[in-house]
Amino acid sequence: MPRGTRIAPAERRGWLEQFEQGSRIDKIAREAGRTQRTINEHLAQARRKRQQQEVTAGLLTQAYQKHFAQLLEVAETLGEAAENASPGGILSTTDLDIKMLYQGLQAHVPRSRLWRAIKTWEESSRELDRESQKRRSEIEALVVEKTTVWPKILTEGFVGSLWNAALMAAEGRSPDEMGYRVDSSGEFSQLHCGNFLLSDRVPTQQGLEEIQRQHQMLVQDLTASEMIAPLDRLVSRWQGARNTIQEEVMVLRLRQILPGQCRLCPGGEAPSGIHSTRTRRSDG
């Protein structure tokens, strides 16, 4: 090769490979038609370039590991949030970082069943909330009509526990799972059903037993009423969506590495052709 011509990166890497495989500087210089000084300078340059590439590759690996961990953490959050219906949506947060990671997750797995399940889950949650608002007033009227202990009970706890019993029945679970508990303090006692406080400041054991008996009677009436049929359909749809969300989150977690790209991926913007990941929500 004529002296003074530009040395291509590939040629420089070839010299380094020869040298590291045992070739002497004078032999490489002679074959390349270059001075030994030139060869030494370019060997040093090739080493620096390789070191930079190795450092960059290491940093990129670490950055991708962190990126995937953040995306999978958001996915785990979705799985946990799906456990309880919420009319405010599955990702009710104002944290911009989390919202952007959510969009990033959508970009990585746009064809996942997760997104359709989330839409169904959110629609079902809103329907359940509307049903709750409607039915709670009916339950309160039922309590007033059918109990003789009305002045001694806490309306919010009584109605809340009865609505929860209706939901449990619609899910195919026994309301007995909530259980009753008595807490005593001094001369008065409190009666709980699950996490619901039914009555406080009850002075006698007989009074506690009567409140519990009438509550059990209402649970039986409610879970056998016509209210449960439409609730069955709503809960079944919501449960199906919840189960799909949690299953898809498990698949993502077990994969560990996500396919595709998003605009948060380390190393720059997503290439053209990656569509906007802005979430579309219905006006429901």
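Structure data summary
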quantity	calculated
Relative contact order of the chain, defined on C-alpha pairs under 8 angstrom at six or more residues apart (%)	23
Around residue 11: net Lys/Arg minus Asp/Glu count, Cβ-Cβ under 12 Å	+2
Computed label-point distance, nm, for sites residue 257 and residue 54 using a 7 Å Cα→Cβ extension	2.2
Anchor residue 66: lysines whose Cα lies under 30 Å away (excluding residues fewer than 8 positions away in-chain)	49, 99, 119
Answer label for P(r) over Cα pairs in 10 Å bins from 0, in percent (calculated), chosen among (1) 6, 19, 17, 14, 13, 10, 6, 5, 5, 4, 1; (2) 7, 31, 36, 20, 5, 0; (3) 6, 27, 33, 21, 7, 3, 2, 0	(1)
Among 249, 264, 55 - extreme Cα towards positive end, dipole of the chain, charges at beta-carbon	55
Zone of residue 133's modelled label, taken as backbone nitrogen in segment 65-88 under 15 Å from a point 7 Å along Cα→Cβ	86-88
Magnitude of the charge dipole, the chain, Cβ model with Lys/Arg +1 and Asp/Glu -1, debye to 20	2760
Under 27 Å from residue 146, Cα to Cα: lysines that are on another chain or at least 8 residues apart	134
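Here, each number is a calculation from the coordinates, and none is a lab measurement. These figures come from a predicted structure and were not determined experimentally. All Cβ positions, glycine included, derive from the backbone under ideal geometry; neighbour counts span all protein chains shown.
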